[in-house]
Amino acid sequence: MSATTVQNVKKTFTASGTIAQYSLVKIETDGKVSTATKVGSGEVRVGFSDRAAADGEATSVTLLNGGGSAFGIASATVTIGDILFGATTGKLGTTASHTSVGVALNTV
């Protein structure tokens with residue numbers, strides 16, 4: 001049996017509302033993305049915006065399940081190796097909530 005590897009690290013979506021660069025984004029029922037706002041469950045987070053986008057603009061998203069690394073915005077100080085979770089307004093924090101979205105590769 002053979003296996004095929006597909007590397008789909010990024011995907012372009014239409015913004016629903018204003019999205020800041022490097023924000024954690026969620027997918028809406030219409031297929032658009034918007035800034036993730038909930039700390040806990042209830043959002044389908046798909047990745048991080050590569051650039052700022054206004055409502056209706058196309059924006060590239062680095063997918064959470066695409067592998068590799070992405071830039072994100074910390075809501076407070078994080079240290080290399082910290083497990084990161086979604087915080088408010090598309091930012092990341094270290095307070096455990098729902099599902100982790102990554103590991104800090106820098107101290108900021």
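The values are calculated or read from the model by the stated rules, or taken from the named source; none is laboratory data. From a predicted model like this one, the values you see are computed outputs, not experimental measurements. Glycine also receives a Cβ, built like all others from the backbone with ideal geometry; neighbour counts cover every protein chain displayed. Accessible surface is based on the protein model in full, side chains and every heavy atom, while ligands, DNA and RNA are left aside. Shrake-Rupley method; radii C 1.70, N 1.55, O 1.52, S 1.80 Å.
Report, by residue number, each residue of region 51-108 that is part of a loop (DSSP other than H, G, I, E, B) and crowded, with 16+ Cβ neighbours inside 10 Å.
Of the residues in region 51-108, the ones part of a loop (DSSP other than H, G, I, E, B) are 51-52, 54-57, 67-73, 75-82, 87-91, 94-99, 104-108.
If the condition is that a residue be part of a loop (DSSP other than H, G, I, E, B) and crowded, with 16+ Cβ neighbours inside 10 Å, then ALA70, GLY72, ILE73, SER75, VAL78, ASP82, ALA87, GLY90, LYS91, THR94, ALA104 are the ones that fit.
Of all residue pairs spaced 6 or more apart or on separate chains, those with beta-carbon atoms under 7 Å, a first member in region 28-39 that is under 16 Å from ALA53 (Cβ atoms) and a second member that is among the basic types (Lys, Arg) and surrounded by 17 or more Cβ atoms within 10 Å (Cβ to Cβ) are VAL33/LYS26; SER34/LYS26; ALA36/LYS26; ALA36/ARG45.
Just to be sure before I move on: is GLY67 in contact (Cβ under 8 Å) with a residue 60 or more places away in the chain and over 15 Å from GLU43 (Cβ atoms) in the structure I sent?
On the way: in contact (Cβ under 8 Å) with a residue 60 or more places away in the chain: yes; over 15 Å from GLU43 (Cβ atoms): yes.
Criteria met by GLY67.
If the condition is being free of Cβ contacts under 8 Å to residues at least 40 places away in the same chain and of a type in the set (Gly, Ala, Ser), then region 71-92 contributes ALA74, SER75, ALA76, GLY81.
Among the residues of region 24-46, are any in contact with a helix residue (DSSP H, G or I) (Cβ under 9 Å, 6 or more places away or on another chain), within 16 Å of VAL9 (Cα to Cα), of a type outside the set (A, V, I, L, M) and open to solvent by less than 80 Å² (accessible area, probe 1.4 Å)? Can you show your working first?
Kept after step one, since they are in contact with a helix residue (DSSP H, G or I) (Cβ under 9 Å, 6 or more places away or on another chain), are these residues of region 24-46: 24, 45-46.
Narrowing further to those that are within 16 Å of VAL9 (Cα to Cα): 24, 45-46.
Then drop every residue that is not of a type outside the set (A, V, I, L, M), which leaves 45.
Going one step further and asking which of them are open to solvent by less than 80 Å² (accessible area, probe 1.4 Å), we end up with 45.
Yes, because at least one residue in region 24-46 is in contact with a helix residue (DSSP H, G or I) (Cβ under 9 Å, 6 or more places away or on another chain), within 16 Å of VAL9 (Cα to Cα), of a type outside the set (A, V, I, L, M) and open to solvent by less than 80 Å² (accessible area, probe 1.4 Å).
Of all residues in region 37-60, those satisfying the criterion of being under 22 Å from THR94 (Cα atoms), at pLDDT below 95 and hydroxyl-bearing (Ser, Thr, Tyr) are THR37, SER41.
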